[in-house]
Amino acid sequence: MSRPIVGIIGNRHLVNDQYEVLGGGLMNADALAGVADAMPVMIPADPSLVTVAELLDMCDGFLLTGARPNVHPEEYGESATEAHGAFDRCRDAIALPLIRACVERGQPFFGICRGFQEVNVAMGGTLHPEIRDLPGRMNHRMPPNATVDEQFALRHTVRFTRNGVFHRLLGAEEVMTNSLHGQGIKTPGQRIVIDGRAPDGTAEAIYVKGAPGFTLSVQWHPEYNAATDPVSRPLFQAFGDAVRAFAGCRRAGAVRQTA
């Protein structure tokens with residue numbers, strides 16, 4: 001049986017200050033192929049190039065990757081400020097409706113960093129533009145001018161709800177994670193369950209309550225050393241299992257065909 005297909009929702013990048021490219025990070029593809037045992041496919045997140053309906057039909061699941069551009073605050077009813085940083089409105093236009101369609105269909109997705117934030121916004125939630133400016137919060141951003149290993153080093157603990165989804169999956173109530181984000185959840189969206197938090201209260205692990213498919217999303221970057229990290233590996237393995245199960249149901253004609 002062929003591997004299930006997982007679409008990697010890509011980001012726009014400017015190369016040499018003039019050439020636009022679309023990419024999703026080799027670590028993401030490695031984690032999907034090597035740990036989830038899925039076929040990674042790069043998706044150009046631009047509604048002029050692809051439609052949500054086409055993506056749902058082509059892929060068995062989706063990886064919502066991290067990215068430097070943030071979800072535009074207009075998507076959750078706020079005005080943009082300098083603190084909100086850069087944006088990618090094309091990705092917003094694909095990722096947000098794609099998440100809502102996946103929730104309805106039971107099609108698996110795994111949200112990482114920006115992807116985590118997209119899931120919250122797609123379900124009606126809001127974001128803080130810069131959580132390190134909030135009283136009592138730590139700086140969750142990666143250290144500047146650091147090596148890759150230093151950027152992705154374990155930075156803080158995440159404590160899960162006792163006997164919650166993440167606790168049961170990972171077999172631990174508390175784990176160590178990396179931290180490379182500036183924004184964070186302000187208000188959780190409808191059906192968003194915050195299942196893990198950093199020591200300062202920042203939401204770090206969520207899922208969509210009552211969704212028929214895999215909707216786990218994390219604020220950290222589990223794609224780094226996914227094959228050997230004791231937290232990352234079971235997350236990608238569980239995602240791979242969910243994608244294979246969905247692919248099997250699709251072949252059996254048991255998937256609700258809505259977009």
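The values are calculated or read from the model by the stated rules, or taken from the named source; none is laboratory data. Computed from a predicted model, the values in this text were never measured in an experiment. With ideal geometry, Cβ positions are generated from the backbone for all residues, glycine too; neighbour counts draw on all protein chains shown.
Of all the residues that make up the range 203-259, how many are touching a Gly at 6+ places or on another chain (Cβ under 8 Å) and acidic (Asp, Glu)?
2
Do you know which residues across the range 179-193 are at pLDDT 95 or above and within 20 Å of residue 234 (Cβ to Cβ)?
The one that is at pLDDT 95 or above and within 20 Å of residue 234 (Cβ to Cβ): 193.
List the strands (runs of 3 or more DSSP E) that sit entirely inside the range 1-103 and contain at least 3 residues that are in contact (Cβ under 8 Å) with a residue 24 or more places away in the chain, of a type outside the set (S, T, N, Q) and under 23 Å from residue 216 (Cβ atoms). Explain how you work it out, then say what you get.
Values: elements: 5-9, 11-15, 19-23, 39-43, 61-64.
Where strands (runs of 3 or more DSSP E) fall fully within the range 1-103 and carry at least 3 residues being in contact (Cβ under 8 Å) with a residue 24 or more places away in the chain, of a type outside the set (S, T, N, Q) and under 23 Å from residue 216 (Cβ atoms), they are 5-9, 39-43, 61-64.
Hey, among the residues in the range 45-83 that are under 17 Å from the mean Cα position of the chain (by Cα) and of a type in the set (S, T, N, Q), which one's surrounded by the fewest Cβ atoms within 10 Å (Cβ to Cβ)?
70
As an exercise: evaluate residue 250 against (1) at pLDDT below 95; (2) in contact with a helix residue (DSSP H, G or I) (Cβ under 9 Å, 6 or more places away or on another chain) and give the number of the one condition it does not meet.
Here residue 250 clears every test but (2).
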